[in-house]
1. Sum -39500 (n - 2.57) across every DSSP H segment of at least 4 residues in the chain, then divide by the residue count to get the 222 nm mean residue ellipticity, nearest 500.
2. Taking the 0 to 90 degree range and rounding to the nearest ten, how far is the long axis of helix 31-53 tilted relative to the main principal axis of the chain, both from C-alpha atoms?
3. For the pair Met53 and Ser33, what calculated FRET efficiency results from E = 1/(1 + (r/R0)^6), where r is the Cβ-Cβ distance and R0 = 22 Å, to the nearest 0.05?
4. For Leu15 and Glu44 in the same chain, what is the full-extension length gain: residue separation times 0.36 nm, less their Cα-Cα distance, in nm?
5. Can you tell me what percent of all Cα-Cα pairs in the chain are more than 18 Å apart?
Amino acid sequence: MSKRNFYVGMGVGLLVGSFAMIAMRPKKPTMKSAVGRTLKTMGEIADSICDAMGW
């Protein structure tokens, strides 16, 4: 097996995997829920830090 065949195979595999990921992603925009989860997690971290410091 030559290196060129390996690289071509890896490139094709990455392309197919990328297209499959794009095809299977949820159709609804999930940005709001992702931002909400992030803000909730940050709030929980801030609360735990405040509790640990005794504030």
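Computed from the coordinates by the stated procedures, all read-outs in this text should not be read as laboratory data. Given the structure is predicted, the values throughout are model-derived calculations rather than measurements. Glycine also receives a Cβ, built like all others from the backbone with ideal geometry; neighbour counts cover every protein chain displayed.
1. -28500 deg cm²/dmol
2. 50 degrees
3. On the way: r = 31 Å, r/R0 = 1.40.
It comes to 0.10.
4. Separation in residues times 0.36 nm, less the Cα-Cα distance, equals 6.6 nm.
5. Considering the chain, 65 percent of its Cα-Cα pairs are separated by more than 18 Å.
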